[in-house]
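The structure under discussion appears below in the form of structure tokens.
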Amino acid sequence: DQDDLDPIIFKVGDKTIKAHKFILASRSQYFRTMLNHGSGEIEIRGADYQTFMTVLRFIYSGGDADQIPADSIVDVFKLASEYTLRPLALRCLEYMTDSVTVDNALSLFSLCETHLPLTEQLKKRCVEVIRDNVKVISASKNFNDLCTHPSLVKALVVPLCAPPNKRPRTSNAPPDQD
């Protein structure tokens with residue numbers, strides 16, 4: 001079909017990006033559906049130019065996710081999730097899980113709650129960091145912000161109050177009796 005070969009123009013903020021309908025539609029169900037219902041120029045909302053370009057590079061490369069800028073990893077993850085680009089979302093999650101710190105644990109935890117079950121490993125890592133640094137984190141502005149969302153507080157408190165995982169026994173001896 002000749003329409004498949006026509007370029008599509010995306011408007012992201014004040015910038016425009018030309019792309020190939022055929023490539024996008026062949027590599028993404030989300031774009032296939034979008035392009036079947038729209039033509040000409042499509043305005044992208046909720047993403048900045050750099051984030052959208054990262055997603056397009058991923059699609060055009062056939063799945064190379066090595067060039068994700070660290071400062072936009074959360075935004076790329078959100079867009080990848082919205083566009084159902086699971087391999088890109090998983091790569092972002094892997095990077096975020098390896099990068100949880102005292103400074104970002106609460107914000108990443110909040111992100112996890114809106115993208116479960118995909119974010120389960122990241123959520124567990126955030127809880128570990130929060131548990132290990134509870135005094136510092138509970139004194140932060142992010143903690144005060146989190147407290148205004150009761151569902152997030154509950155989602156955080158339950159795993160924090162759970163007993164740590166018991167270590168597996170290394171012998172056949174019976175466990176100590178109290």
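The values are calculated or read from the model by the stated rules, or taken from the named source; none is laboratory data. Just so it is clear, the structure is predicted and the values come from calculations on it, not from any experiment. Positions of Cβ are backbone-derived with ideal geometry, glycine not excepted, and every protein chain shown enters the neighbour counts. Note: areas computed on protein heavy atoms with side chains; ligands, DNA, RNA excluded. Shrake-Rupley method; radii C 1.70, N 1.55, O 1.52, S 1.80 Å.
Figures for the structure shown
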{"quantity": "Among (1) within 16 Å of GLN121 (Cα to Cα); (2) outside any loop (DSSP other than H, G, I, E, B); (3) open to solvent by 40 Å² or more (accessible area, probe 1.4 Å), the one test that THR101 misses", "calculated": "(2)"}
{"quantity": "Residue match in region 138-161 (condition: of a type in the set (A, V, I, L, M, F, W, C), modelled with pLDDT under 90 and in contact with a Phe, Trp or Tyr (Cβ under 7 Å, 6 or more places away or on another chain))", "calculated": "yes"}
{"quantity": "Selection count, region 110-137, where residues are of a type outside the set (A, V, I, L, M, F, W, C) and part of a helix (DSSP H, G or I)", "calculated": "11"}
{"quantity": "Verdict on GLU43 being more than 22 Å from ILE9 (Cβ to Cβ) and either of a type in the set (Ser, Thr, Tyr) or out of contact with any Pro (no Cβ under 9 Å at 6 or more places or on another chain) (or both)", "calculated": "no"}
{"quantity": "Check on PHE10, open to solvent by less than 40 Å² (accessible area, probe 1.4 Å), in a helix (DSSP H, G or I) and within 30 Å of LEU122 (Cβ to Cβ)", "calculated": "no"}
{"quantity": "In region 35-52, residue modelled with the lowest pLDDT [restricted to those that are in a helix (DSSP H, G or I) and open to solvent by 40 Å² or more (accessible area, probe 1.4 Å)]", "calculated": "ASN36"}
{"quantity": "Some residue of region 86-98 being open to solvent by less than 60 Å² (accessible area, probe 1.4 Å), touching a residue at least 12 places away in the same chain (Cβ under 8 Å) and over 11 Å from the mean Cα position of the chain (by Cα)", "calculated": "no"}
{"quantity": "Matching residues in region 114-140 - criterion: being among the hydroxyl-bearing types (Ser, Thr, Tyr) and either surrounded by 15 or more Cβ atoms within 10 Å (Cβ to Cβ) or touching a His at 6+ places or on another chain (Cβ under 8 Å) (or both)", "calculated": "THR119, SER140"}
{"quantity": "Residue check for ASP66: free of Cβ contacts under 8 Å to residues at least 60 places away in the same chain, open to solvent by 80 Å² or more (accessible area, probe 1.4 Å) and within 16 Å of LEU111 (Cβ to Cβ)", "calculated": "no"}
{"quantity": "Residue that is surrounded by the fewest Cβ atoms within 10 Å (Cβ to Cβ) [pool: residues in region 14-29 that are under 15 Å from ILE44 (Cβ atoms) and without any contact (Cβ under 8 Å) to a residue 12 or more places away in the chain]", "calculated": "ASP14"}
